[in-house]
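The values are calculated or read from the model by the stated rules, or taken from the named source; none is laboratory data. This structure is a prediction, so every number in the text was calculated from the model and none was measured. Glycine also receives a Cβ, built like all others from the backbone with ideal geometry; neighbour counts cover every protein chain displayed. Heads up: the accessible areas ignore ligands, DNA and RNA and are worked out on the full protein's heavy atoms, side chains in. Shrake-Rupley method; radii C 1.70, N 1.55, O 1.52, S 1.80 Å.
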Amino acid sequence: MSTLTQTDLGPTTPADQPAAAPPGRTGRSPFAPQGVGRVLTGILLTVGALATLFPFYAMVVLSLKPNGGLFFPGSLVPNDLTLDNYARVLQGNQVIRWALNTLLYSGISVVFVLLLSSMAGYAFAKKRFPGKNVIFWSFLGMLMVPYHITLIPLFVIVAKADGVNTYWGLIVPTLANAQATFLMRQFIRGIPDELLDAARVDGASEFRIFAQIVLPLCKPILATLGLFVFLWHWNDFLWPLVVAQSPEMQMLTTGIAGLMQDKVPMSVAMAGSVVALAPIFVAYLFAQRHFTEGATMSGLKG
Amino acid sequence: MASLLAAGRPASRRLRRREALVGAAFVLPMLVLFLLFRFAPFLGGLGLAFGKYTLGGGFRWKGLDNFERLAHDGLFWHSLKVTLIYTVVSVPVLVAVAVGMALLVRRSFRGVRFFRAAFFLPVITSLVLAGVVFIWIFSADGAVPRLLGSIGLSEGSWLTNDVLAIVAIAAVAIWGRFGFDMLIVLARLQDIPRELEEAAMMDGAGAWQRFRHITLPQLRPVFFFLGVIEVIGSFQVFDAVYIMTGGGPVKATYTLGYMLYDQAFKFFDFGYASAVALALFALVLVISLVQRLILDRGSD
C-alpha cells in the first residue's frame, strides 16, 4: 500500500491535473509573443497586476497613517507611519476574540466536513445500498438551489433550536457540503477495488479499511479540500451575520463590518482588515499550489 | 461495481446485505445533515413563501398573497432591474478579463508565476474586508475619482452617484473573481493539443488567426460554464453591496439579494422574503436552462 503513488490512482482524479503549471511546458514556447506583441503583453500584465495589487497596498499604507477622520486627504506615500490604528483596533481584545471565533468556526468545520464527506464519498464510490443514486443526485441537485432560498428557513430552524449565538448553531448547518461529498466520491472512485478487497481478505474491518487505507490515500485531496473549506469559512459573511450577532460571537468579517457602521475612523477599520487578512495571505505564500488546485477543482468538478 | 468479490462471482445475499448496511452507515451522518439543513430548509423556503411567518407567532397560510404583493411592489421590480443591470455590466467584463489574462499568462516566461499568483490573490480575499479599502478608493478623495479627475474626467465619489455606484460594485466583484475564472480558463487551455497550433503555425497562421480558429472554438464550453456560474453568482450579490453602499444611494444598488436580507432580517417578514427568494430561484433556473440549451446546441 505504501508503494502506491498518486499516479497509480488513474487519470480521473482531479489532483492529477495540476492547473497552473503543468510540467513539461516550461520551455520557451515557439509562439511566445515577439516584438510589439511582447511589449504589449508586458504592458497589459503590468497594468493588470497594478490594478490587482493596488488595493492591498493602499489598505496597508492607510492603516499605518495617523488619521482620525473618515476620509483621507493625504497621500499614499508611506511617510509618518504609525501603529496607532493597530493599537486601537486590538485594544479591548475584541478583534482577538473575533479571530478566535473565526478560527473555531473554520477549524471545526474543516475537520467535520472532511470526515463526513469522505465517509459519504466512500459509500457513494464503493458500496451498493438501496436508494444510493437517488440520494447522491439529490445531494448534487442542491448545488443548483441558491443559498438565499434556504437561508431564512435555516435561520428559523436554528433559532427554534436555540442555536442563535452559539457555536453549534453556527457550525453544524454548514457541514452538509454537497461539493465536498462529490469531490471525495470522485477521488475515491480512483482507488482500485483490489486494494480494498485484499485488506478485506486479510480480515480488516470496514472501519479499518476506511481509516487505514482509504483516508491515507486521500491525503492530497483532503489537504486541498480542507484548505478551501477553511478559506470559505474564514471569509464567510452572510451566515455569521445572521446567526452570530452578539459582539462576543462575531467573526472577523462581521465584526469589522460592524466597526465600520459604528463609524470608527476608516484607518482603524483598515488596520482590522489587515489583521484579518494576514493569516490567509501567509498561508497563501506557503501553500499557493493547494489554493489554486482547490479553485480549479471546485470550478471544474463542481 | 462496488467490489471484486461481489463482481467476480454471484455474491451471496448475506454479503450484499452486509455491504448495504456498511454503505448506509457511512452515508448516514451526511444524509441526516442534508435532511435537516438542506432539504428541510429548501421545502421550508417554498412553504414560507405562501404565508406569513414570525418567530413568535407561527405560520399562517396566505396562498398567493405574497406573490401578489411582489407583483405590485415597485421596490421588487426596481431591485430586479438593478440585479439584471449589474449582471449585464459585470459578467461579460469578468469573463473577458479572465480569458484575456489567462491568454497572457498561458505561456511560460520569466515572472509568469508572479502574475498568476498576484491575479489569484483577490480570490482568497474576503470582499467584506477588502470593502473597507474600496470605500476609500471610490470615495471623492479616493484613487479612482482622483485619477479620472487628473485627466479631466468625472470627479466626485462613485458611491454616492446613482449610476456609478453599481459600476463600482461590479468593479469590486470583477477584481475579486477574475483570478478564479482565469484559472479555469488556464486549465482548459493546457488541454488544447499543442500540435494543433504548431500545425497551424507551419501553415503560416498568425497569432490572431490561431486564436480565432483554434483557441476560441476550444474555449467555447468554458465560456458557457463560466457564464452559468457567474450569472448565478451575480444574481445573489450581497457582501460588496452590504459593506460598500448598503443598497444606496437612493436604492441605486438595491439588488434582489439585498432586498431579501432586508425583508427577512430587518423587517422579519420571513414569508415575503421567501417569496423574493423564490423569484430569485426561478430566475436562476430559467437562466441556467437557457444557457444549458445554448450549450447543448453549441456542442453539436
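The residues in region A:259-274 that are open to solvent by less than 50 Å² (accessible area, probe 1.4 Å) and not in a loop (DSSP other than H, G, I, E, B) can be counted, and the count is 11.
For first residues located in region B:277-290 and farther than 16 Å from B:G233 by Cβ, partners that are open to solvent by 40 Å² or more (accessible area, probe 1.4 Å) and lie 6+ apart or on another chain with Cβ distances below 7 Å form the pairs B:L278/B:L46. Residues in region B:258-274 that are crowded, with 21+ Cβ neighbours inside 10 Å and among the hydrophobic types (A, V, I, L, M, F, W, C): B:M259, B:L260, B:A264, B:F270, B:A273. Restrict the check to region A:85-99 and report whether at least one residue is open to solvent by 30 Å² or more (accessible area, probe 1.4 Å), at pLDDT below 95 and within 30 Å of B:R110 (Cα to Cα). The answer is no, given that none of the residues of region A:85-99 is open to solvent by 30 Å² or more (accessible area, probe 1.4 Å), at pLDDT below 95 and within 30 Å of B:R110 (Cα to Cα).
How about region B:223-249: which of its residues are more than 24 Å from B:F281 (Cβ to Cβ) and free of Cβ contacts under 8 Å to residues at least 40 places away in the same chain? Listed by number, the list holds a single entry, B:G246. Going through (1) of a type in the set (G, A, S); (2) within 30 Å of B:V133 (Cβ to Cβ); (3) at pLDDT 90 or above one by one, A:A211 falls short only on (2).
Residue under question is B:R106, and the condition is that it be touching a residue at least 24 places away in the same chain (Cβ under 8 Å) and under 23 Å from B:D262 (Cβ atoms); does it hold?
Working: touching a residue at least 24 places away in the same chain (Cβ under 8 Å): yes; under 23 Å from B:D262 (Cβ atoms): no.
Judged against the criteria, B:R106 is not a match.
Taken together, the residues in region B:136-154 that are open to solvent by less than 30 Å² (accessible area, probe 1.4 Å), more than 7 Å from chain A (Cβ to nearest Cβ) and either in contact (Cβ under 8 Å) with a residue 12 or more places away in the chain or not in a helix (DSSP H, G or I) (or both) amount to 3. Taking the conditions exactly as written (closer than 30 Å to A:P216 by Cα and either in the same structural domain as A:L183 (by the TED database) or surrounded by fewer than 19 Cβ atoms within 10 Å (Cβ to Cβ) (or both)), does A:V110 satisfy them or not? Yes, satisfied. Exactly one residue out of B:G44, B:G51 is more than 12 Å from chain A (Cβ to nearest Cβ), out of contact with any Cys (no Cβ under 6 Å at 6 or more places or on another chain) and at pLDDT 90 or above: that is B:G51. The criterion of at least 3 residues that are more than 11 Å from every other protein chain (Cβ to nearest Cβ) and either touching a helix residue (DSSP H, G or I) at 6+ places or on another chain (Cβ under 7 Å) or closer than 30 Å to A:A159 by Cβ (or both) is met, among helices (runs of 4 or more DSSP H) falling completely within region B:58-126, by B:65-72, B:74-104.
Among residues of region B:45-69 that are touching a residue at least 60 places away in the same chain (Cβ under 8 Å) and in the same structural domain as B:A273 (by the TED database), none has a Cβ under 8 angstrom from a residue that is among the acidic types (D, E) and open to solvent by 30 Å² or more (accessible area, probe 1.4 Å) at a sequence gap of 6+ or on a separate chain. Can you tell me which residue within region A:112-138, out of those that are facing chain B (nearest Cβ under 7 Å) and either within 20 Å of the chain's Cα centre (by Cα) or among the aliphatic types (A, V, I, L, M) (or both), is nearest to B:L15 (Cα to Cα)? Top of the filtered list is A:A123.
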